[in-house]
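Here is the structure we will look at.
Read-outs throughout are calculated quantities, based only on the coordinates presented, and are distinct from any laboratory measurement. In this text the structure is predicted, and so the values were computed from the model without any measurement.
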């Protein structure tokens, strides 16, 4: 074979390899497509939709807590005998918090982490067509005495919109008082839920 023929053959082989590579790049074989690959994907976070305020998932201190019949008991740490117990305390008020015409619920949860403290959190559960969606909790205090939860409507003297504001009323202790002393100081926390983020924001009182 002469040098010119060798050159032509080498060129043809090279062009064939390039053509095959282009075809595989555009249309990979089915066998390749069927195999798992380490490709970065974005998976939307799952949301647990509940049947009512006592059977849904809330977020407490950044961690999801799913109540079943009003109770959640989980290990404080992997392999630990200590538990974190969350309960639906109640003191709820039923009101349409997001203006969709469906009755939602705002109430209080308690959480005990194995010590002597019992922490109270304000929460809400939106009643959506697909199920109940729990909010992030707002800490009210440790071993407080919850009172009635109410709804406040209207505007403040400064013109702030107070529509759908939830008022959590409770009693707490004076600064420095022992936890053995019953709470005696009345306090109200005015909160408004942002349905987009499921977070409460504090509203200035009138």
- prompt: Remind me, what semi-axes does region 106-156 give for its equivalent ellipsoid, largest first in whole Å, using sqrt of 5 times each Cα gyration tensor eigenvalue?
  reply: 24, 17, 8
- request: Largest first and to the nearest Å, give the Cα extent of region 109-200 along each principal axis.
  value: 43, 37, 19
task: Could you check how many percent of all C-alpha pairs in region 60-181 are farther apart than 21 Å?
output: 48 percent
message: Looking at region 70-119, I'd like the Rg to Rh ratio, where Rg is from alpha-carbon atoms and Rh is Kirkwood's inverse mean 1/r.
response: 1.18
